[in-house]
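Q: There's a structure below that I have some questions on.
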Amino acid sequence: MKLFTCTHCRQVLYFENSRCEKCQYPLGFEATRRQLLPLQAAPDGRTFQVYGEPAGPTYTYCQNNEHGVCNWLVPSDSATPFCPACALNRTIPDLSHPGYLGRWRELEGAKHRLVYSLLCLHLPVVSKTVYPEQGLQFDFKADDNPTERVLTGHSNGLITINIDEADAIAREQARQSMNEVYRTLLGHFRHEVGHYYWDRLIDNSPNLASFRQVFGDERADYGEALSKHYAQGAPPDWPQYYISAYASSHPWEDWAETWAHYLHILDTLQTAHAFGLRLDPLDAAPDQGLRAAMQNPYQVADFRQIMAMWLPLTFAMNSLNRSMGQPDPYPFLISPAVVDKLAFIHKVAGSRAGMATRESAA
């Protein structure tokens, strides 16, 4: 994610800030510009204008701002009171239940970061209320019925997230029980939306044949493949070909897991670039590949350049965490086969933003 700065006082801001802690101006995220902007009251006294733009458009906050879960802006003449991220909601948790508001706030924080990345990639982000067949929607549900467990998953553009995933303890218990090295709320959003974009970018498209060459034939029985995976586990050599053990279960899951990883890479590298990071380890030899100047990955066509930045950055992140006595934030090794898969996604998804080329998949 980029680094945001208050254009009134130059204070550095977090993406989630709704008020500048230095100048106390209210802040709102404008999705078209992808900027977090200081606001001032418009002459009508009911709406806001961007600070320094007295002749500019007027805005209101997204309706979910009243719950403290959204800081995005909505044009005053919008047909919906919701921002582009909150407009994707079909079901939210029952806010009368103690603790559910806090979980919803965590869910929205992850979802808004997801939508930011999708906007950077120029991917279609449209609610099913606008396009019922091809749109995207979210159900955030709890296990309120003791006989019916809410399963996180995707079905024809509808993504369901069990709000237990927003509970750090429950999520860690699930991670350990499933023997996963990595499990985050944002990772869930990125994985499930990967299934959605497979439908939009791959299925019944010119990309389908190339997908099968890289990921395998998705026509293999999905239910049977998952049953086999849960019964027998991943093949012993899965790290040579997949980003995770679960990715080995079926080509659809391989795509979704790799897609999520692709978004991890882009967002983290953009953050590193925003802070002007350069890596030049003092005792590392030049041929060890640990020197890199971070670029904005959303402007890099050749995926090999992205990997040349990513690998040294992850080594640095892990080393810093180990110095603090913390586990590695990046517990992955990317094989050449996985690099090819990531490069394919960069070619398909990155081309929407005009940055990917055929050479980037080489």
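Q: Farthest toward the dipole's positive end in the range 231-349, which of Y262, A285, H250, given Cβ charges of +1 (Lys, Arg) and -1 (Asp, Glu) about the Cα centre?
A: Value: A285.
Q: Taking springs between alpha-carbon atoms closer than 10 angstrom, which of L88, L226, L269 fluctuates most in the Gaussian network model of the chain?
A: Between L88, L226, L269, it is L226 that shows the largest mean-square fluctuation.
Q: Same structure again: I'd like the trypsin sites (Lys or Arg not before Pro) in the range 145-195 restricted to DSSP loop residues with at most 12 other Cβ atoms within 10 Å, sorted by number. Display every interim value, and only then the final one.
A: Details: sites: R149, R171, R175, R183, R190; in loops: R149, R183.
Here the sparse-neighbourhood loop sites are R149.
Q: Classify the range 163-269: rounded, prolate or oblate, from the alpha-carbon gyration tensor (a ≥ b ≥ c, eigenvalue square roots; a/c under 1.5 rounded; otherwise prolate if a/b is larger than b/c)? Please report the intermediate quantities before stating the final value.
A: Values: a/c = 1.82, a/b = 1.28, b/c = 1.42.
Oblate.
Q: What nm distance separates the two modelled labels at D280 and H122, each placed 7 Å from Cα along Cα→Cβ?
A: Here the answer is 3.5 nm between the modelled labels.
Q: Rounded to the nearest 500, what is the chain's calculated 222 nm mean residue ellipticity when only DSSP H runs of at least 4 contribute -39500 (n - 2.57) each, over all residues?
A: Details: 8 runs with 127 residues, N = 362.
So the calculated ellipticity at 222 nm is -11500 deg cm²/dmol.
Q: Compare I202, I169, I161 in a GNM of the chain, Cα atoms joined below 10 Å, and give the one with the largest fluctuation.
A: With Cα springs under 10 Å in the chain, the top fluctuation among I202, I169, I161 is at I169.
Q: Please work out the FRET efficiency for the pair M324 and E180, using the Cβ-Cβ distance as r and a Förster radius of 30 Å; give the result to the nearest 0.05.
A: Efficiency, rounded to the nearest 0.05: 0.85.
Q: Now a separate question. So what is the accessible area of the chain per residue, in Å², with the probe set to 1.4 Å? It would help to have the intermediate numbers written out before the result.
A: Values: 18220 Å² over 362 residues.
On a per-residue basis, the chain sits at 50 Å².
Q: For a quick check, take a GNM of the chain with Cα springs below 10 Å and name the residue from A301, A209, A256 with the largest mean-square fluctuation.
A: A209
Q: What part of the accessible area of the range 99-194, given as a whole %, is carbon or sulfur when the probe is 1.4 angstrom? Don't skip to the answer; put the middle values down first.
A: Working: 2210 of 4450 Å².
On the range 99-194, the fraction of accessible area on carbon and sulfur atoms equals 50 percent.
Q: Using 0.36 nm per residue of separation minus the Cα-Cα distance, give me the extension gain between E224 and Q173 in nm, one decimal. Don't skip to the answer; put the middle values down first.
A: Working: separation 51, 0.36 × 51 = 18.36 nm, distance 2.65 nm.
The E224-Q173 span can extend by a further 15.7 nm.
The values are calculated or read from the model by the stated rules, or taken from the named source; none is laboratory data. Just so we're clear, the structure is a prediction, and the values are computed from it rather than from any experiment. In this analysis, Cβ positions are derived from the backbone assuming ideal geometry, glycine residues included, and neighbour counts consider all displayed protein chains. Surface areas here come from the heavy atoms of the whole protein model, side chains and all, with no ligands, DNA or RNA. Shrake-Rupley method; radii C 1.70, N 1.55, O 1.52, S 1.80 Å.
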